[in-house]
1. Hey, how many Å between the Cα centroid of segment 309-353 and the Cα centroid of segment 208-257?
2. Which residue, Pro288, Pro109, Pro265, has the most motion in a Gaussian network model of the chain that connects Cα atoms within less than 10 Å?
3. Once you have the Cα-Cα distance between Thr47 and Arg233, take 0.36 nm times their residue separation minus that, and quote the gain in nm to one decimal.
4. Can you tell me the 0 to 90 degree angle between the C-alpha axis of helix 58-96 and the longest principal axis of the chain, rounded to 10?
5. How many angstrom lie between the C-alpha centres of segment 1-76 and segment 80-139?
6. Can you tell me how much longer the chain between Ala97 and Gln357 gets when fully stretched, taken as 0.36 nm per residue apart minus their C-alpha distance, in nm with one decimal?
7. How large is the helix-only mean residue ellipticity at 222 nm for the chain, computed as the sum of -39500 (n - 2.57) over DSSP H runs with n ≥ 4, divided by its residue count, in deg cm²/dmol to the nearest 500?
8. Quick check for you: with a 1.4 Å probe and neighbouring chains kept, what is the accessible area per residue of the chain, in Å²?
Amino acid sequence: MSDAVTEIERGLAALGESFQKRFAEAQDEPALRHAKAEVLGKKGDLTAVLKRMAAVPPEHKKSVGERVNEVKASVERAFEERLAALHRARREADLNAPPFDLTLPGRVPAPRGHVHPLTRVRHEILDIFRSLGFEVAWGPEVELWENNFEKLAFPPDHPATDMQDTFWVRVDGGAPDAKVLLRTHTSNVQVREMSTRKPPMAVVSGGPVYRRDDDVTHSPMFHQIEGFLVAERVSFAELKGVLTAFAERLYGEGTPVRFRPSYFPFVEPGAEVDVGCVFCRADDGSRPACRVCKGTGWLEILGCGMVHPDVFRHTGIDPETYTGFAFGLGVERVAMLRYGIPDIRLFFENDPRFLAQF
Ligand code: FA5
């Protein structure tokens, strides 16, 4: 018998069943893996024995090889069994442990949040119009060019339709000539509601709109509130009455309101509405220095006017029977005036030190 065969047999005999004991003593998975490495690892007992295989004469290779493989397989088996037993014990212990009550309150009370200031102002504005008899409707932020511009009587070459201040959207699989964009104002809701309902109607709507703007008072995404009323014999007097009531409820009774002629393609006549500056209202001599109204005493809050007959024609309403008014305002603008915020970007940075002040 060759030396190598004798050495291997001695080695296997020395190893014997000792690994069984070592594995049984391991109380957790890392200890078990460590014990296995002592047998089968690079410097393990069985590995040392295996290294002698090269020197075994060919006529003994088969029988010695089989024997060594048997031992190796029994080590692997013992390891797997012990591992499974350890996992079982662990699971058993978890199941028998006192139950963990997920509903218990934390030790440190979680700070309470609140709605974003823009959400609060938007709700407040919508509530005012609801209390004046308007019902709330919603429109999509991704809109057809027709609903955002064309049916609102924008001439095709109007600067607002230019690529410069509009975000266009490519629709995969859409009609090749479909023009789709992120709405630039909430006036698309006028088109959608007037096209699907019969007057009389008094509707208010609010939500995000998008333009290629970016400075301290203009953000690429901002919020507008749109309102419109369509019925028989509606006049500018009703428009003035509704918007004056709105300004008084928002900024306090007696707030001065003025209407300045202005132009929007979808109204005729059109106007912009200013309210008396809320920062230097007392007119106590501070007005000339007021940075917010720049000493004018007035702050612009919205655009409005009588619905243009073309808009009625485009939406299937007879302009000989019906008249109506519409208005649109920027929520950020109202909130900035309300809280004295100098930079519109503060609303969107979501810095908790800013938001916690509301
Ligand atoms: C309009 O968007 C019209 N659709 C409003 C309207 C509706 C007029 C119905 C008549 C009848 P204008 O582009 O002026 O109008 O925008 C309305 C308000 O949105 C502005 O007064 C301003 O407060 C706000 N606004 C406009 N651009 C921005 C911007 N980039 N960031 C924040 N607020 C903006």
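1. Between the Cα centre of segment 309-353 and that of segment 208-257, the gap is 6 Å.
2. So, out of Pro288, Pro109, Pro265, the one fluctuating most is Pro109.
3. Length difference between fully extended and current span is 56.9 nm.
4. Helix 58-96 and the main axis of the chain meet at about 50 degrees.
5. Spelled out, the Cα-based centre of one part sits 55 Å from the other.
6. Here the answer is 89.1 nm.
7. So the helix-based figure for the chain works out to -12500 deg cm²/dmol.
8. 58
The values are calculated or read from the model by the stated rules, or taken from the named source; none is laboratory data. Being a predicted model, the structure only gives us computed values, none of them experimental. Glycine also receives a Cβ, built like all others from the backbone with ideal geometry; neighbour counts cover every protein chain displayed. Quick note on the areas: whole protein, heavy atoms, side chains included, nothing else; ligands and nucleic acids left out. Shrake-Rupley method; radii C 1.70, N 1.55, O 1.52, S 1.80 Å.
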